[in-house]
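*Asks:* Here it is, the structure, as structure tokens.
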There are 2 protein chains.
Amino acid sequence: MAGESLDALFRPASVAVVGASENPAKLGHEILKNIVDSGFHGAIYPINPKAEKILGLACFKSIEYVPDKVDLAVIVVPARAVPGVVDECGRKGVKAAVIITGGFAEAGPEGEELQNKVVEIARSHNIRILGPNCQGINVPYHPLCASWPLLTKKGRVAVISQSGTVAAAMMDWFSQEGLGVSAFVSMGNRCDIDEVDLVEYFNRDQNTSTIALYIEGLKDPPAFKKVLDNLTKPLVLLKSGRTPKGIRAAESHTRSLAGDDALYEALCKKYGLCRADTIEEFYDFAKAFAYLPRPEGNKILFVTTSGGAGILATDQAEKEGLDVAPIPPEIVESVKEVVPQHAIVSNPLDLTGDATAEMFGEVVSRTRGFYDVIGLIFGDPVERASQVVTPGGNEVVIFLGGADVERAEKAKMHERGVPVFPTPERAVKALAQLLPAHRKGKKETPPRVPQRKVDLKDTRLLSLSQALEYLKAQGLPCIHFEKAPNEGAAVHFAHIMGFPVALKVDSSKVAHKTDIGGVQLNVRSAHEVRVVFERMRKRYAEIIPDEAFPGVVVMPMAEEGIEVIMGAHRDESFGTVLLFGLGGIHVEIFQDVSTRLLPVSEDELYEMVNEIRGAIIFQGYRGRPPIDTRLIVEGLKGIAKIMETDGSIVTLDINPAILYPEEFVIVDARIIKKI
Amino acid sequence: MAGESLDALFRPASVAVVGASENPAKLGHEILKNIVDSGFHGAIYPINPKAEKILGLACFKSIEYVPDKVDLAVIVVPARAVPGVVDECGRKGVKAAVIITGGFAEAGPEGEELQNKVVEIARSHNIRILGPNCQGINVPYHPLCASWPLLTKKGRVAVISQSGTVAAAMMDWFSQEGLGVSAFVSMGNRCDIDEVDLVEYFNRDQNTSTIALYIEGLKDPPAFKKVLDNLTKPLVLLKSGRTPKGIRAAESHTRSLAGDDALYEALCKKYGLCRADTIEEFYDFAKAFAYLPRPEGNKILFVTTSGGAGILATDQAEKEGLDVAPIPPEIVESVKEVVPQHAIVSNPLDLTGDATAEMFGEVVSRTRGFYDVIGLIFGDPVERASQVVTPGGNEVVIFLGGADVERAEKAKMHERGVPVFPTPERAVKALAQLLPAHRKGKKETPPRVPQRKVDLKDTRLLSLSQALEYLKAQGLPCIHFEKAPNEGAAVHFAHIMGFPVALKVDSSKVAHKTDIGGVQLNVRSAHEVRVVFERMRKRYAEIIPDEAFPGVVVMPMAEEGIEVIMGAHRDESFGTVLLFGLGGIHVEIFQDVSTRLLPVSEDELYEMVNEIRGAIIFQGYRGRPPIDTRLIVEGLKGIAKIMETDGSIVTLDINPAILYPEEFVIVDARIIKKI
């Protein structure tokens, strides 16, 4: 669907620039000029009621005066004039319009109203709209640069961006490096065309091998997930708004919910998207996916003119889970023949300052079959370096410290489609993105814990006893507990259970019991039970004065084991995210959790368990017995089933469950249901 | 001392190039040409027995034929000829020599011998040597480029490097950006002049404001520490060889011990060095220290043309511990006057695509007094941007997506000494390095745990009971324990203590008891004691067959509390490193530890405790009582005192001690002493 309608946008036969200007300082001039200078093959119509000719092209008072068919209109008139122009476009039969003009939804309620009006008019005429408030499009293959600055280099990456500047920076870097892009699309306010249409379109575009998408928030997550179901190309995602203040800034900027970062992390995991953390990674990763073949494994040999750069590369490779494996004994002699006499045959292989391009070539041809990747580090002005690399071969090229020779050789390599990275660390990090998931090193910055905003208007919290009873009924193993409405009952149950016990406020009003002193572990005597009960009662009365104290839950202290958290949260638009991690400060400080979007396979559940950094603890740690991870998988499966069968559950947090070698037991839980 | 002797190297009145060549493809030609073309003011003497004139300069058969005084010799002859040349230099009264030639210690034992000979000859003549196997020096202020390629731009950073390529890359970037350097020094094999001399020299050099040092390992840590005691300038350190394979590569490359990364981390902490993780950070951080004023606090305002770039900057700022603080109410109206009408006055402050340089200037002048730093993000081709920034002001400038305008404006800003960063993330990260230590965010990659290589030849391990007795005698609180040479004794003591107990092998042969199943916690009955004892005895006999089983230590199980590790390790050259962290997987997986070199002040000890990421647990966590961190500080103080008073202790590991609100108790320890 997107395909057909977006061809008018990306492959128009004719273009009108509404608001074309004679004044070179104005955007309406620059865009017209760039369309002309980019070599657009079709008809170009400047629209301006006051001019006769602009840049030698006949000018029309209105688009309706254009004698021929117009496929695409690029609109640069002031905001208040845009609805009228779109209406004229409609009457003229224009199929798509790019609205560059700002001052719409991003500028406040008045602008939003204006934008809604534009959408309404466009719909009535069946016109697809890109923007408003955007930096246009640039399609070097068509060719058509309805944007600025003028860049014409053809490449493999389609850059799609909610931010004009992020896209412009990418475009500038790809252009400066002589790699070009397959397309540049600035989405602006996304009043109509959005990432759903565009990813679908460029997934089918034959000039595009990799999609680079920058967003502050998805417009329509369910629709986007459908597109991802059919995605066949690598997609590199830069999603800003990851920290609390970043999220606030993103929400203010886009006037929409930026969404919880953990949801995006789960989305990336599910669909195998490559997530970049910074704009520089966004560039490097897109470049790697577009120009490097995907390695089959993680075995890498570094060949270098610089010992120092080789060590830095090795350090980074270790961090990223690559294997800097020794040179196989059977080829050591063969390698020795072609390296300088005083070079030591090891990995990294330092050819020393005596290295020549030809030596690199010889080493590559003698070692290529023994490694998944060969990292070539030209750490000097190595002349003719470009002649010894093979486009599509298993080399990754790094060039630094080579000054003018470096720049000349890099340009030649880029011309041949061999990407060159400026530092060992950036190259290795980019390369590592191409590895199969299970080969990758464990991330130092794991996914954030979802920040579950509970809207109490439409949901209700179960009390602890209700939550545990619910879980028990669903077949999950909970600790024995009793509800004690008063001190006497609490003491009674504690005696029966035997000390020490735990006391927990049994409230359906308080989501975080510990914040109000509502949890006391290791209560050791009847006297202590009374003191704790009374303290909890008093505190509760202070904080929730209009409700009677709901009493406590009494439970025996669970034996020491491994604390884990398991949970799930249903997001209206993303779907349900399952979460697993070690409990306590592991979640809060180290954020060592794994997440997946439902549905999940059993394999994915094992992945979830094993991908947390602390997973080593399950293998039997410091003389402790190992944990059967099947237990955890069964627990997660149980939670997934609940979320799938009981649509009323919004949030289910088991925090913690205690793991023992052959069982686990849930000791605390929080459930939020829809009313 | 370094000052006087190194002036001959960096400020010579005359230079000879021994091995000068007529062939433009040879280094001996290029270096001579670069000395000439860099504008060296003094006399230049090519030395070559076969040529009459090179580059128009009269050539001499040997340095001894030069009629006048020669301060500096640059030597490019083959390795085997170098000793003779150095001897001639000595007879001629040359004060310093740069030996470019490779094939010395880096090439194997024969080369090492040759190098030793060179050193011996140089010493006998009192000549200081840089190199061999190096890329020379470049001092744009003198000016003198005895290196390659020819770069002449004067700047503020002295780049000192064990790797020619790392230095060349830095030099190239500083040159490409129009910032230049104050000096470039490639140390090569460091047969004489090393980082100790060079840091001392450039700390006093008036053209240098920042020192950037790349090393694979320090040559002489104690001497380097002395230099650091007197350091008055910022020093940015890139130390490669941080991962196991990286360390091995570094050791192979430099033929010396790369040293434990944790030692370098402790050194950086002690002397306030700024440590870079990658070569790109090395550049960015040096640039920031040299060209940005140090902010007084961490309050930052972002002013941007790009909402997206503003959000990315905010995300990074949050990660780095900067405070993206709201715009103070008292200046909101004043800011509103100068921003576009539809701009929202918040932080980040998005001036939208309508922004002009003048708007930036106005906003800066109205907000400057209210923030420690103002981040200006020119995310478009903002003309005249360079006119609204103030050298030495509290702005940090980011420019991206601006294509040719960006490059032109950046060049103008660099000309004025205002550094420009290419992405929001790189700028914010670099800026954050300048913050006072206590303002910085907690690092995601904390220091590595020292890998203590125990050389059993010169040291001995105390058994557990010896270690605990030693610590007790030093006044540290240890858990009660008994030595049980046989099963009967173990059962007897267990009965007296009451079950459960812990059994630990009491060996002075096994450094890691758990590796041989030598620790069993929670032993619950006399029967279990017997079973465990027997299992330990059997296992011990298998692994250490020629020693009788030393018996076990029996101790009661400590009550649950917070496990911490405290330790110290004496390094022959660095001194003693103190270490603190949470126990268990926190050390091994998350490496959440802090380190300091002794001696330490009490303030530093509190810093150590609070800087680990898990420190939040001491504040009373999840309803648990808070821990008095003074307890930990007292414990660390006790360890520091032991290390200072008992020179025989090499390694002291308390792992773990269990912390309670008002006391702590040591339950396991390892001590290694010198014989």
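*Asks:* May I ask you to verify whether B:ILE642 is more than 27 Å from the chain's Cα centre (by Cα) and either part of a helix (DSSP H, G or I) or not charged (D, E, K, R) (or both)?
*Replies:* Here the answer is yes, as B:ILE642 does meet what is asked.
*Asks:* Sticking with this structure for a sec: Of everything in region B:305-343 that's of a type in the set (D, E, K, R) and over 21 Å from A:VAL166 (Cα atoms), which residue is farthest from the other protein chains (Cβ to nearest Cβ)?
*Replies:* B:GLU330
*Asks:* Could you list, in sequence order, the residues of region B:47-88 that are in contact with a Phe, Trp or Tyr (Cβ under 7 Å, 6 or more places away or on another chain) and farther than 23 Å from B:ARG123 by Cα?
*Replies:* Across region B:47-88, the qualifying residue is only B:PHE60.
*Asks:* Can you name every residue in region A:592-608 that is farther than 25 Å from A:LYS219 by Cβ, surrounded by fewer than 22 Cβ atoms within 10 Å (Cβ to Cβ) and touching a strand residue (DSSP E or B) at 6+ places or on another chain (Cβ under 8 Å)? Steps first, please.
*Replies:* From region A:592-608, those farther than 25 Å from A:LYS219 by Cβ are A:592-594, A:600-608; that's our starting set.
Subsequent filtering for residues that are surrounded by fewer than 22 Cβ atoms within 10 Å (Cβ to Cβ) retains A:600-604, A:606-607.
Within region A:592-608, A:VAL600, A:GLU604, A:GLU607 qualify.
*Asks:* Then there is this: So, of the residues in region B:175-204 that are among the charged types (D, E, K, R) and in contact with a helix residue (DSSP H, G or I) (Cβ under 8 Å, 6 or more places away or on another chain), which turns out to be least open to solvent (accessible area, probe 1.4 Å)?
*Replies:* Restricting attention to region B:175-204, the residues satisfying the condition of being among the charged types (D, E, K, R) are B:177, B:190, B:192, B:194-195, B:197, B:200, B:204.
Then drop every residue that is not in contact with a helix residue (DSSP H, G or I) (Cβ under 8 Å, 6 or more places away or on another chain), which leaves B:177, B:192, B:195, B:197, B:200, B:204.
On the way: B:GLU177: 32, B:ASP192: 34, B:GLU195: 0, B:ASP197: 16, B:GLU200: 62, B:ARG204: 142 Å².
Checked region B:175-204; the qualifying residue least open to solvent (accessible area, probe 1.4 Å) is B:GLU195.
*Asks:* I'd like the full set of residues that are within 17 Å of B:THR210 (Cβ to Cβ) and away from every other protein chain (no Cβ under 14 Å), limited to region B:221-250.
*Replies:* Residues satisfying the conditions are B:VAL227, B:LEU228, B:ASN230, B:LEU231, B:THR232, B:LYS233, B:PRO234, B:LEU235, B:VAL236.
*Asks:* Could you check B:TYR621 against (1) at pLDDT 85 or above; (2) part of a loop (DSSP other than H, G, I, E, B); (3) within 22 Å of B:GLU662 (Cα to Cα); (4) among the aromatic types (Phe, Trp, Tyr) and say which number it fails?
*Replies:* Against the list (1) at pLDDT 85 or above; (2) part of a loop (DSSP other than H, G, I, E, B); (3) within 22 Å of B:GLU662 (Cα to Cα); (4) among the aromatic types (Phe, Trp, Tyr), B:TYR621 comes up short only on (1).
*Asks:* Now a separate question. Within region A:91-113, which residues are part of a helix (DSSP H, G or I) and crowded, with 20+ Cβ neighbours inside 10 Å? Explain how you work it out, then say what you get.
*Replies:* Initial filter on region A:91-113 (part of a helix (DSSP H, G or I)): A:91-92, A:105-107, A:109-113.
A:ALA105, A:GLU106, A:ALA107, A:GLY111 - these are the residues of region A:91-113 that are part of a helix (DSSP H, G or I) and crowded, with 20+ Cβ neighbours inside 10 Å.
*Asks:* Still on this structure: Just one of (1) touching a helix residue (DSSP H, G or I) at 6+ places or on another chain (Cβ under 6 Å); (2) part of a helix (DSSP H, G or I) trips up B:ILE671, so point out which.
*Replies:* Among (1) touching a helix residue (DSSP H, G or I) at 6+ places or on another chain (Cβ under 6 Å); (2) part of a helix (DSSP H, G or I), the lone unmet condition for B:ILE671 is (2).
*Asks:* While we're looking at this one, here's another question. Can you pull out the residues in region B:208-220 that are open to solvent by 20 Å² or more (accessible area, probe 1.4 Å) and either without any contact (Cβ under 8 Å) to a residue 40 or more places away in the chain or within 14 Å of another protein chain (Cβ to nearest Cβ) (or both)?
*Replies:* Correct list: B:LYS219 only.
*Asks:* Further question: For region A:520-535, enumerate the residues that are out of contact with any Lys or Arg (no Cβ under 9 Å at 6 or more places or on another chain) and hydrophobic (A, V, I, L, M, F, W, C).
*Replies:* Result: A:VAL523, A:ALA526, A:VAL529, A:VAL531, A:VAL532, A:PHE533.
*Asks:* Still on this model: Can you pull out the residues in region B:21-47 that are crowded, with 22+ Cβ neighbours inside 10 Å and without any contact (Cβ under 8 Å) to a residue 60 or more places away in the chain?
*Replies:* Result: B:GLY28, B:LEU32, B:TYR45, B:PRO46, B:ILE47.
*Asks:* Right, here's the next one. Kindly provide the set of residues from region A:115-127 that are open to solvent by 40 Å² or more (accessible area, probe 1.4 Å) and part of a helix (DSSP H, G or I), ordered by number. Even if it seems obvious, please write down each step before you answer.
*Replies:* Here is the first cut: in region A:115-127, the residues open to solvent by 40 Å² or more (accessible area, probe 1.4 Å) are A:116-117, A:120, A:123-126.
Correct list: A:ASN116, A:LYS117, A:GLU120, A:ARG123, A:SER124, A:HIS125.
*Asks:* State whether the residues of region B:54-64 include one that is open to solvent by less than 50 Å² (accessible area, probe 1.4 Å), small (Gly, Ala, Ser) and over 18 Å from B:ILE31 (Cα atoms). Break it down into steps so the answer makes sense when it comes.
*Replies:* Restricting attention to region B:54-64, the residues satisfying the condition of being open to solvent by less than 50 Å² (accessible area, probe 1.4 Å) are B:54, B:57, B:59-60, B:62-63.
Right, trim to small (Gly, Ala, Ser) and you get B:62.
Still in the running and over 18 Å from B:ILE31 (Cα atoms): none.
Scanning region B:54-64, I find no residue that is open to solvent by less than 50 Å² (accessible area, probe 1.4 Å), small (Gly, Ala, Ser) and over 18 Å from B:ILE31 (Cα atoms), so the answer is no.
*Asks:* Among the residues of region B:530-545, are any of a type in the set (Asp, Glu) and closer than 16 Å to B:LEU464 by Cβ?
*Replies:* No, every residue in region B:530-545 fails to be of a type in the set (Asp, Glu) and closer than 16 Å to B:LEU464 by Cβ.
*Asks:* I would also like to ask the following. Confirm whether B:VAL94 is closer than 27 Å to B:PRO140 by Cβ and assigned by TED's automatic domain parsing to the domain that holds B:GLY188.
*Replies:* Numbers: closer than 27 Å to B:PRO140 by Cβ: yes; assigned by TED's automatic domain parsing to the domain that holds B:GLY188: yes.
Here the answer is yes, as B:VAL94 does meet what is asked.
*Asks:* Tell me, which helices (runs of 4 or more DSSP H) lie completely within region B:282-384 with 3 or more residues that are surrounded by fewer than 23 Cβ atoms within 10 Å (Cβ to Cβ) and of a type in the set (A, V, I, L, M, F, W, C)?
*Replies:* Answer list for region B:282-384: B:329-336, B:357-367.
*Asks:* Can you tell me which residue within region A:389-436, out of those that are assigned to a loop (DSSP other than H, G, I, E, B) and open to solvent by 20 Å² or more (accessible area, probe 1.4 Å), is nearest to the other protein chains (Cβ to nearest Cβ)? Let's see the steps before the verdict.
*Replies:* We begin by selecting, within region A:389-436, every residue assigned to a loop (DSSP other than H, G, I, E, B); these are A:389-394, A:400-402, A:416-419, A:422-423, A:434-436.
Next, from what is left, pick out any that are open to solvent by 20 Å² or more (accessible area, probe 1.4 Å): A:390-392, A:394, A:416, A:422, A:436.
Details: A:THR390: 24, A:PRO391: 25, A:GLY392: 27, A:ASN394: 20, A:ARG416: 23, A:PRO422: 8, A:PRO436: 21 Å.
Looking at residues that are assigned to a loop (DSSP other than H, G, I, E, B) and open to solvent by 20 Å² or more (accessible area, probe 1.4 Å), I get A:PRO422.
*Asks:* Can you confirm whether B:GLU611 is under 16 Å from B:GLN474 (Cα atoms) and either within 14 Å of chain A (Cβ to nearest Cβ) or without any contact (Cβ under 8 Å) to a residue 60 or more places away in the chain (or both)?
*Replies:* no
*Asks:* Still on this model: Name the residue, out of B:ILE666, B:ILE654, that is out of contact with any helix residue (DSSP H, G or I) (no Cβ under 7 Å at 6 or more places or on another chain), touching a residue at least 60 places away in the same chain (Cβ under 8 Å), of a type outside the set (Lys, Arg) and not assigned by TED's automatic domain parsing to the domain that holds B:TYR264. Before the answer, list the steps.
*Replies:* On the way: B:ILE666 fails: out of contact with any helix residue (DSSP H, G or I) (no Cβ under 7 Å at 6 or more places or on another chain).
Result: B:ILE654 is the single residue among B:ILE666, B:ILE654 that is out of contact with any helix residue (DSSP H, G or I) (no Cβ under 7 Å at 6 or more places or on another chain), touching a residue at least 60 places away in the same chain (Cβ under 8 Å), of a type outside the set (Lys, Arg) and not assigned by TED's automatic domain parsing to the domain that holds B:TYR264.
*Asks:* Go through region B:128-164 and count every residue that is away from chain A (no Cβ under 14 Å), farther than 18 Å from B:GLU30 by Cα and surrounded by 24 or more Cβ atoms within 10 Å (Cβ to Cβ).
*Replies:* Residues in region B:128-164 being away from chain A (no Cβ under 14 Å), farther than 18 Å from B:GLU30 by Cα and surrounded by 24 or more Cβ atoms within 10 Å (Cβ to Cβ): 5 in total.
*Asks:* Okay, next question. Before we move on, is B:PHE399 at pLDDT 95 or above and in contact with a Lys or Arg (Cβ under 6 Å, 6 or more places away or on another chain)?
*Replies:* Considered against the rule, which asks whether it is at pLDDT 95 or above and in contact with a Lys or Arg (Cβ under 6 Å, 6 or more places away or on another chain), B:PHE399 comes out as yes.
*Asks:* Please specify each residue of region A:517-541 satisfying the condition of being assigned to a helix (DSSP H, G or I), open to solvent by less than 50 Å² (accessible area, probe 1.4 Å) and either within 22 Å of B:GLY561 (Cα to Cα) or within 10 Å of chain B (Cβ to nearest Cβ) (or both).
*Replies:* Matches in region A:517-541: A:VAL529, A:VAL532.
The values are calculated or read from the model by the stated rules, or taken from the named source; none is laboratory data. Since the model is a prediction, treat every value here as computed from it, not as a measurement. A quick note on method: Cβ atoms are made from the backbone with ideal geometry, for glycine too, and the neighbour counts reach across all protein chains shown. Remember, those area values only see protein heavy atoms, side chains included, never the ligands or the DNA or RNA. Shrake-Rupley method; radii C 1.70, N 1.55, O 1.52, S 1.80 Å.
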